[in-house]
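In what follows, a structure is listed as structure tokens, so that the remarks can point back to it.
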Amino acid sequence: MLRTGVLAAILLTSLSSFSPAAPLPQVAAADAGSYLVKGDGTLWVWGDYHGGERAGTPPAEKENTHPVPAAMAGLSDLVAVSVGSGHSIALKKDGTVWTWGYNGEGQLGTRGAADSRFPKPEQVKELSNIQAIVAGDRYCLALKNDGTLWAWGNNWHGQLGDGTKNSTSAPAQVTGLSDIVAMAAGMGHTLALKKDGTVWAWGYNDDGELGDGKRKDRFTPFQIPSLSGVKAVAAGSHHSVALKNDGTVWVWGDQKERHPTPRRLAGIDHVVAISAGGWYSLALKDDGTVWAWGSIANGEEDDKTMNEVIKKPVQIKGLTGVVGIANGLWHALALKKDGTVWGWGRNYFGALGDGTETSRRVPVRAKVPD
């Protein structure tokens with residue numbers, strides 16, 4: 001059975017897809033941490049950011065968590081960041097890939113497999129000419145400029161797409177795929193979007209997250225039937241989301257309701273971006289508003305408001321002018337066009353960046369320096 005719990009942080013934007021040439025700044029969320037790549041290519045972190053060192057922090061205070069945003073040392077010229085369960089991956093302007101954090105299944109792609117934390121970002125030397133990256137649960141994906149997809153790390157459910165269940169620390173091309181423009185990584189399943197608008201899936205499938213109408217793992221990529229005209233994909237812990245060119249949202253998998261094949265999500269349109277977290281999802285509309293559905297707590301939170309299952313998308317109150325979204329396991333982030341970052345949900349280790357560890361049911365502004 002697939003492991004759940006606090007290690008089940010999904011991405012994404014960790015969990016949302018990455019497309020080439022995404023504009024900066026950019027936000028990403030993990031289980032209890034948040035990341036911001038500013039327009040100048042610097043990385044700002046708060047909450048649990050997997051062990052990287054904060055710039056300018058005295059040695060005695062170099063811990064792994066911080067309740068307010070701070071610049072992270074050792075990285076510059078970034079264009080993207082993604083966060084998995086205990087590990088992080090960043091993409092530089094020159095097409096190189098850098099990773100840090102836990103490496104129990106070789107998810108860092110740099111040192112073999114070692115069940116310990118590596119706090120200093122290190123280059124994945126086998127990779128070059130990369131245009132997009134994403135981190136899933138103990139594995140990573142990288143998209144090259146030639147449209148090929150590369151994967152490494154945990155492979156217990158075939159999420160690396162190589163036809164086996166063997167984990168590896170060496171990035172390897174996902175065979176049988178070409179012309180990929182975006183991808184998404186969940187807890188144990190993977191999605192890839194081709195430039196022709198078709199979606200391909202593989203990996204864990206007990207809850208129907210692969211969209212084939214079955215509940216059996218798949219070890220190699222296959223095209224999801226009856227799904228076309230897609231421009232973005234996102235993967236939660238046990239569910240999947242697709243955004244079509246016409247602004248409609250399609251969902252499948254377990255988000256408190258099992259749907260093993262894609263269906264249109266009612267009650268929302270004019271969507272321009274999507275993101276999927278642990279058991280909930282976000283959508284950004286063309287008017288700058290943010291909408292959510294699912295459950296942010298999955299039954300593990302005393303606050304009944306956070307435990308409530310929202311079947312029909314509801315607008316996040318107090319948020320306008322949003323240009324970017326991300327959600328992790330327990331919290332969500334929104335990036336406004338004025339450059340401010342707002343968060344809500346659980347606030348473990350200061351993941352919301354407001355200087356506290358108090359959970360919030362409404363968005364609060366993260367204290368990101370100008």
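The values are calculated or read from the model by the stated rules, or taken from the named source; none is laboratory data. Just so it is clear, the model here is predicted, and its values are computed rather than measured. Note that we place each Cβ from the backbone using ideal geometry, even for glycine, and neighbour counts take in every protein chain shown.
So here's what we get for this one:
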| read-out | value |
| --- | --- |
| Residue that is nearest to ASN155 (Cα to Cα), among those in region 196-223 that are free of Cβ contacts under 8 Å to residues at least 60 places away in the same chain and over 21 Å from the mean Cα position of the chain (by Cα) | LYS216 |
| Residue that is polar (S, T, N, Q) and modelled with pLDDT under 95, where the choices are THR164, THR175, THR148, THR96 | THR175 |
| Total residues in region 29-42, condition under 16 Å from HIS87 (Cα atoms) and either in contact with a Gly (Cβ under 8 Å, 6 or more places away or on another chain) or outside any strand (DSSP E or B) (or both) | 6 |
| Filtered residues of region 134-154 (kept if surrounded by fewer than 24 Cβ atoms within 10 Å (Cβ to Cβ) and among the charged types (D, E, K, R)) | LYS144, ASP146 |
| The lone exception for LYS337 - which of (1) surrounded by fewer than 19 Cβ atoms within 10 Å (Cβ to Cβ); (2) touching a Phe, Trp or Tyr at 6+ places or on another chain (Cβ under 8 Å); (3) farther than 15 Å from THR65 by Cβ it fails | (2) |
| Which listed residue is out of contact with any strand residue (DSSP E or B) (no Cβ under 8 Å at 6 or more places or on another chain) and not hydrophobic (A, V, I, L, M, F, W, C), from ASP254, ASP286, ASP246 | ASP246 |
| Of the criteria (1) more than 16 Å from the chain's Cα centre (by Cα); (2) part of a loop (DSSP other than H, G, I, E, B), which one SER237 fails | (1) |
| Unmet criterion (only one of (1) modelled with pLDDT of 95 or more; (2) not in a strand (DSSP E or B)) for ARG111 | (1) |
| Selection status of GLN131, surrounded by fewer than 19 Cβ atoms within 10 Å (Cβ to Cβ) and within 24 Å of ASP40 (Cα to Cα) | no |
| Subset of region 340-353 [farther than 9 Å from PRO67 by Cβ and modelled with pLDDT of 95 or more] | THR340, VAL341, TRP342, GLY343, TRP344 |
| Members of region 83-108 that are over 16 Å from VAL27 (Cα atoms) and either acidic (Asp, Glu) or in a loop (DSSP other than H, G, I, E, B) (or both) | SER85, GLY86, LYS93, ASP94, GLY95, THR96, GLY104, GLU105, GLY106, GLN107, LEU108 |
| So ASP287, is it at pLDDT 95 or above, more than 27 Å from PRO225 (Cβ to Cβ) and surrounded by fewer than 15 Cβ atoms within 10 Å (Cβ to Cβ) | yes |
